[in-house]
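Trainee: One structure coming up, written as structure tokens, with questions to follow.
Just so you know, all these numbers are worked out from the coordinates, no wet-lab data involved. Fair warning: this is a prediction, and the values are worked out from it, not measured in the lab. With ideal geometry, Cβ positions are generated from the backbone for all residues, glycine too; neighbour counts draw on all protein chains shown.
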Amino acid sequence: MTDSADFSELASLARQGRWHVIQTVSASGAGHVGGPMSAMDLLIALFFRVMAIRPDEPKWPDRDRFILSKGHSAIGLYTAMALRGFFPVEELKTFDKGNSRLQGHPDMTKLPGLETSTGSLGMGLSVGLGFAIAAQRKGLNFQTFVMIGDGELQEGMIWEALHVAPRYQVANLTAILDSNGLQQFGWFHEAGATGRGDRRDPWFGVDLPAVLRGLGWNLVEINGHDFGEIIPALQASKSPGRIGKPTMILAHTIKGKGVSFTEGKFEWHSKVAASNELEIARRELQIEEVTK
Amino acid sequence: MKALRDVFGDTLSELAQQNPSIVVLDADLANSTKADKFAQAHPDRFLEMGIAEQNMVGTAVGMAALGFVPWLSSFTVFFTHRAADPVRMLVAQTHANVKIGAAYSGLLTGYTGKTHQDVEDLAIMRAMPGMTVLAPADEFECAEMIRWATDYVGPVYLRLARDPNAAVFGPDYVFQPGAVHQLHEGSDLLMISTGTQSSRCVEAARELKKEGISAAVLHVPSIKPLRQEDLLSACEKFDLVFTVEEHSRLGGLGGLVTEILSEHSPRRVVRLGLQDEWGESAPNDFLLDKYRLSAQRVAEQIVSRRKQAR
């Protein structure tokens with residue numbers, strides 16, 4: 001489907017994306033880092049390989065829809081959109097600065113290309129379900145992708161969508177669970193015991209795949225940092241016009257992925273990098289090799 | 001006399017014959033809210049969403065984005081309290097074209113008790129930027145509001161009553177957002193009311209007349225938007241204004257009227273409604289009497305507060 005050359009290009013875009021995230025948040029003096037970094041490979045795959053979209057025509061009726069339900073990862077989404085050409089990369093500098101289209105949480109009334117507004121957690125999947133039902137009824141052949149977080153999954157409203165969606169046979173709905181193993185604070189756990197962080201997994205002790213499958217979702221588990229797994233899984237979930245089970249892609253990811261000092265650290269959920277840290281991040285992300 | 005919930009089911013069923021965009025989403029209360037009438041008339045456009053109000057609100061937002069006009073069916077409390085967050089963030093903040101049919105509003109909810117009696121909804125909903133908040137007085141106004149709201153592009157909250165009440169308008173009624181309506185002439189004082197309480201206020205004005213008090217009644221169906229100048233001119237010749245609502249005295253109609261008058265045309269305003277208190281399970285007559293909203297009790301309070309005001 002995709003060759004390794006494609007992956008190296010995507011990997012490069014993802015490194016740039018991570019650099020924009022940590023750099024932009026640092027320049028704004030506030031923002032989220034861990035979640036956008038864990039989601040970046042998935043976002044790059046969606047915006048550069050999987051979704052039918054037209055950056056210069058964000059309202060194109062046949063476009064695939066994307067909703068970032070974990071709205072606090074907004075800077076990750078903005079970065080992927082900017083790299084893809086929805087707006088100039090330069091505009092990332094306005095993030096959180098006032099009079100900006102790039103709000104702390106995605107605001108559809110300000111930035112074209114956003115399908116809804118998110119921020120209060122747990123709501124995006126419901127809106128995606130509405131898109132999917134409406135598309136089926138109107139005979140529109142697009143796929144709706146909704147990215148949710150594993151911490152976010154603790155919200156009750158998501159579970160309403162999780163049990164209602166399969167009843168409507170919305171095969172044109174794909175949920176992507178960015179399962180990075182950490183939430184903002186979470187439950188204490190001995191450092192390193194899970195290999196993915198210094199707090200308990202948000203779903204520790206729960207057989208999440210069995211639960212989601214049991215609710216009627218077509219469950220696919222992938223490594224959310226391996227384009228060789230991400231792209232085929234996302235592509236395979238595209239079922240416009242077909243009725244059947246909605247797909248849940250459980251993507252195992254690492255919070256803060258890509259930079260040594262942010263990986264697996266719950267504190268980096270929302271934290272600003274100091275200048276020496278930025279320099280480490282820049283080197284680790286090989287930025288001198290991929291941008292001017 | 002027709003209950004507003006029946007008007008809801010009937011009017012949507014009728015409108016949907018001409019308008020293919022209308023869909024109704026229900027949170028498992030259709031046989032209470034009378035959305036079941038729509039389900040029967042247009043089964044393919046009725047979406048049962050289960051006992052999951054928050055998801056229902058979100059799904060409606062998604063469908064609205066694709067050109068549907070979703071009307072939601074549930075009890076008032078579940079919109080303004082349980083699903084307040086998605087209503088605020090997904091509907092109000094994005095100005096989504098979603099219509100909230102808030103059934104079983106106020107105190108008269110059929111023996112449910114305080115859990116299901118929403119006497120805070122107007123205060124909550126009118127505080128949300130961009131939200132249109134409507135409280136019809138009777139079947140004629142309710143039907144017109146549903147027609148208007150279906151055509152209007154943007155979020156609408158419609159306050160519906162469970163049980164029938166006396167009509168104050170006729171079949172020729174035309175709804176205009178922001179307009180106020182004089183329901184009873186009078187010269188001694190002005191009662192301002194909203195929703196189905198307005199018909200009880202007209203009755204109260206008749207009671208007062210027997211005692212030689214000439215009370216005018218002004219009905220405010222459109223809590224938001226409201227034509228402020230129309231309200232101000234209606235109040236102009238009265239030194240004493242009463243607000244009367246089947247709602248808390250805090251933040252609803254009483255709040256609205258006092259905010260406007262105190263800023264533009266200060267005069268004495270007495271707010272009648274629920275004190276800072278909860279309701280209870282009881283027959284309607286009992287509730288209207290105990291919580292001082294029957295025509296009789298409204299008239300009594302006006303007589304006594306008028307004496308105090310002198």
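Trainee: Could you pull out every residue, at least 5 positions away or on a different chain, whose amide H is within less than 5 Å of the one on B:His247? Hs are placed 1.01 Å off N in the peptide plane, and Pro or chain starts have none.
Mentor: The list, which skips near neighbours in sequence, is B:Leu274.
Trainee: So, one more: Suppose we look only past 49 Å in the calculated P(r) of the protein assembly as shown. What percent of the Cα-Cα pairs does that tail hold?
Mentor: Every Cα pair in the protein assembly as shown considered, those over 49 Å come to 22 percent.
Trainee: Long-range amide H contacts for A:Arg65: which residues qualify at under 5 Å (H placed 1.01 Å from N, peptide plane, sequence gap of 5 or more or a different chain)?
Mentor: A:Gln143, A:Thr144, A:Phe145
Trainee: Compute the Rg/Rh shape ratio of segment A:125-227: radius of gyration over Kirkwood radius, all on alpha-carbon atoms.
Mentor: When Rh is taken as the Kirkwood radius, the ratio is 1.03.
Trainee: Shifting gears a bit: Which of A:Asn172, A:Asn180, A:Asn99 moves most in a GNM of chain A, Cα contacts under 10 Å?
Mentor: A:Asn99
Trainee: For segment A:78-155, how big is the tail of P(r) above 20 Å, as a whole percent of Cα pairs?
Mentor: Above the 20 Å cut-off, segment A:78-155 has 44 percent of its Cα pairs.
Trainee: While we're here: Can you sort B:Ile192, B:Ile124 from fewest to most other Cβ atoms within 10 Å of each residue's own Cβ?
Mentor: Least to most surrounded, the residues fall as B:Ile124, B:Ile192.
Trainee: Could you work out which residue, out of A:Phe66, A:Phe261, A:Phe204, moves most in a Gaussian network model of chain A, that is, has the largest mean-square fluctuation with Cα springs under 10 Å?
Mentor: A:Phe204
Trainee: Now for a different question. If you count, for each residue, the other Cβ atoms within 10 Å and average over each peptide, how do A:155-162, B:204-211 line up from highest to lowest?
Mentor: In descending order of packing, they fall as A:155-162, B:204-211.
Trainee: I'd like the mean, over residues of A:164-174, of how many other protein chain beta carbons sit within 10 Å of each residue's own Cβ.
Mentor: 2
Trainee: Take the Cα gyration tensor of chain B, multiply each eigenvalue by 5, square-root it, and list the three semi-axes largest first, rounded to whole angstrom.
Mentor: Ellipsoid half-lengths, sorted descending, are 33, 19, 18 Å.
Trainee: Partner chain Cβ atoms within 10 Å, averaged over the residues of B:81-92 - can you pull that number for me?
Mentor: Mean inter-chain Cβ contacts per residue within 10 Å come to 3.
Trainee: Which entries in the list B:Lys2/B:Lys209; A:Lys110/B:Lys37; B:Lys34/B:Lys290; B:Lys210/B:Lys290; A:Lys238/B:Lys37; A:Lys245/B:Lys99 go over 32 Å, if you measure between the two C-alpha atoms of each?
Mentor: The answer is A:Lys110/B:Lys37; A:Lys238/B:Lys37.
Trainee: Still on this model: When only alpha-carbon atoms are used, what values of Rg and Dmax, in angstrom, describe segment B:181-309?
Mentor: Rg and Dmax of segment B:181-309, Cα atoms, are 13.7, 41 Å.
Trainee: Moving on to the next point. Can you tell me which aspartates and glutamates have their Cα less than 13 Å from the Cα of A:Lys257? Leave out same-chain residues fewer than eight positions away.
Mentor: Candidates past the 8-residue exclusion: A:Asp41, A:Asp178, A:Asp226, A:Glu284.
Trainee: Same structure again: Roughly what % of DSSP beta bridges within chain B run antiparallel, to the nearest 5?
Mentor: 15
Trainee: About the Cα centre of segment A:4-290, how large is the charge dipole given +1 on each Lys and Arg Cβ and -1 on each Asp and Glu Cβ? Please answer in debye to the nearest 20.
Mentor: I would put it at about 780 debye.
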